[in-house]
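Student: Submitted below is the structure of interest, expressed as structure tokens.
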Amino acid sequence: MAKLVCGCGYLGKRVALLWKQAGHEVFAVTRSSRRADELMQVGIRPVVGDLTDGIVLPETASLDTVLFAVGYDQSADRTIHEVYVHGLRSALNALPDSLQRFIYISSTGVYGQTAGELVDEESPCDPSRAGGIACLAAERLLSQHRLSSRGIVLRLAGLYGPGRIPKLDSLRAGASLAVSSSGYLNLIHIDDAARVVLAAEARAPLPSCYVVSDGCPAKRRDFYHEAARLLGSPPPRFEEPAAGTSAYARATSSKRLVTTRLQRDLAVTLQYPTFREGLAAIVGSR
């Protein structure tokens, strides 16, 4: 069967390659001709175009699953609402009624809790940041579309993995971090996130929504102290971010994600059950 990835980036490319390894024909939407060449080299068939402008998707009767994992490029001449919501509408409207599953990668930024509350799929959504607001609007668009009955929403915690450890250069240099030492981080290693996507495609009831994290919320200070230890760097020094900055907005978010539904329905055994195993594997491979 054929698969389509909209947003073949950090997560999307990993999922595309897993599908390719399993013997599926895989298409991926990209705005860049250079990126299209890179995808072709690994056996992924590119569809060049911009979802926010409307796009013609490949005509294949065997297309059964779409992964929408579009990230926001701050250098683009589009707002985050245009990319996440208008882009999603464009993709949905181009798809056939025969589609079996549409997997939308959302964010736990749709929640607005700030006091370390326990949060699951039924918790109220009241996002304060632009990304969370756009993700929630996109979720609601999907819920009202003709393909809503095929929809799976995955609300991902913070992705980390090779090439993506926050503040890594500052930790190496022993520089102070513009990060609050208090509050909780909720994380999922990129490889485990990709495996969750495949498990959702295979086993999730339709429609459905899942909070996706390793289920082990970590204090921010603990994460950065462990990263510094593994790097052989001095213990981190923290500076409270300035009010009104994006770092300050992130610092005021503090919740503890509960993954009971994910564990019950998808039964994914995580390769990196906490950030400690994940960081050790990443730093050890450098």
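Student: I want to confirm something. Restricting to the stretch 23-44 and keeping residues that are within 22 Å of the chain's Cα centre (by Cα) and under 17 Å from Asp64 (Cα atoms), which single residue is surrounded by the most Cβ atoms within 10 Å (Cβ to Cβ)?
Tutor: So the residue we want is Val29.
Student: Further, regarding this structure: Give Val5, Val15 a once-over and let me know the one that is open to solvent by less than 30 Å² (accessible area, probe 1.4 Å), in a helix (DSSP H, G or I) and within 25 Å of Leu159 (Cα to Cα).
Tutor: Numbers: Val5 fails: in a helix (DSSP H, G or I).
Every option except Val15 fails the conditions.
Student: Please give the number of the condition Asp192 fails out of (1) under 15 Å from the mean Cα position of the chain (by Cα); (2) acidic (Asp, Glu); (3) open to solvent by 60 Å² or more (accessible area, probe 1.4 Å).
Tutor: For Asp192, the failing item is (3).
Student: Further, regarding this structure: State whether the residues of the stretch 167-175 include one that is among the small types (Gly, Ala, Ser) and touching a helix residue (DSSP H, G or I) at 6+ places or on another chain (Cβ under 9 Å).
Tutor: Yes, because at least one residue in the stretch 167-175 is among the small types (Gly, Ala, Ser) and touching a helix residue (DSSP H, G or I) at 6+ places or on another chain (Cβ under 9 Å).
Student: Here's another thing I want to ask about it. Run Gly87 past the list (1) touching a strand residue (DSSP E or B) at 6+ places or on another chain (Cβ under 8 Å); (2) open to solvent by less than 60 Å² (accessible area, probe 1.4 Å); (3) part of a loop (DSSP other than H, G, I, E, B) and report the number of the one that doesn't hold.
Tutor: (3)
Student: Here's another thing I want to ask about it. Taking Tyr248 as meeting all but one of (1) open to solvent by 70 Å² or more (accessible area, probe 1.4 Å); (2) at pLDDT 95 or above; (3) under 25 Å from Gly174 (Cβ atoms), write down the number of the exception.
Tutor: The failed condition is (2).
Student: While we're here: Quick check on my filter: what residues within the stretch 125-153 are open to solvent by 30 Å² or more (accessible area, probe 1.4 Å) and assigned to a loop (DSSP other than H, G, I, E, B)?
Tutor: Result: Cys125, Asp126, Ser128, Arg129, Arg146.
Student: Okay, moving on. Among the residues of the stretch 229-241, are any crowded, with 18+ Cβ neighbours inside 10 Å, more than 19 Å from the chain's Cα centre (by Cα), not aliphatic (A, V, I, L, M) and not in a loop (DSSP other than H, G, I, E, B)?
Tutor: No - not one qualifying residue is present in the stretch 229-241.
Student: May I ask you to list pairs of residues, at least six apart or on different chains, whose Cβ atoms are under 9 Å apart, with the first in the stretch 175-199 being aromatic (Phe, Trp, Tyr) and the second being part of a loop (DSSP other than H, G, I, E, B) and surrounded by 19 or more Cβ atoms within 10 Å (Cβ to Cβ)?
Tutor: Close Cβ pairs (under 9 Å, with a partner that is part of a loop (DSSP other than H, G, I, E, B) and surrounded by 19 or more Cβ atoms within 10 Å (Cβ to Cβ)) amount to Tyr184/Pro217; Tyr184/Ser253; Tyr184/Ser254.
Student: While we're here: Yes or no: Asp97 of a type in the set (Asp, Glu), open to solvent by 40 Å² or more (accessible area, probe 1.4 Å), touching a residue at least 40 places away in the same chain (Cβ under 8 Å) and assigned to a loop (DSSP other than H, G, I, E, B)? Before you say what the answer is, go through the steps one by one.
Tutor: Working: of a type in the set (Asp, Glu): yes; open to solvent by 40 Å² or more (accessible area, probe 1.4 Å): yes; touching a residue at least 40 places away in the same chain (Cβ under 8 Å): yes; assigned to a loop (DSSP other than H, G, I, E, B): yes.
Considered against the rule, which asks whether it is of a type in the set (Asp, Glu), open to solvent by 40 Å² or more (accessible area, probe 1.4 Å), touching a residue at least 40 places away in the same chain (Cβ under 8 Å) and assigned to a loop (DSSP other than H, G, I, E, B), Asp97 comes out as yes.
The values are calculated or read from the model by the stated rules, or taken from the named source; none is laboratory data. In this text, all values refer to a predicted model and were calculated from it rather than measured experimentally. Neighbour counts are summed over all protein chains in view; Cβ atoms, including those assigned to glycine, are modelled from backbone coordinates with ideal geometry. We work out accessible area using only protein heavy atoms, side chains counted, and drop any ligands, DNA or RNA first. Shrake-Rupley method; radii C 1.70, N 1.55, O 1.52, S 1.80 Å.
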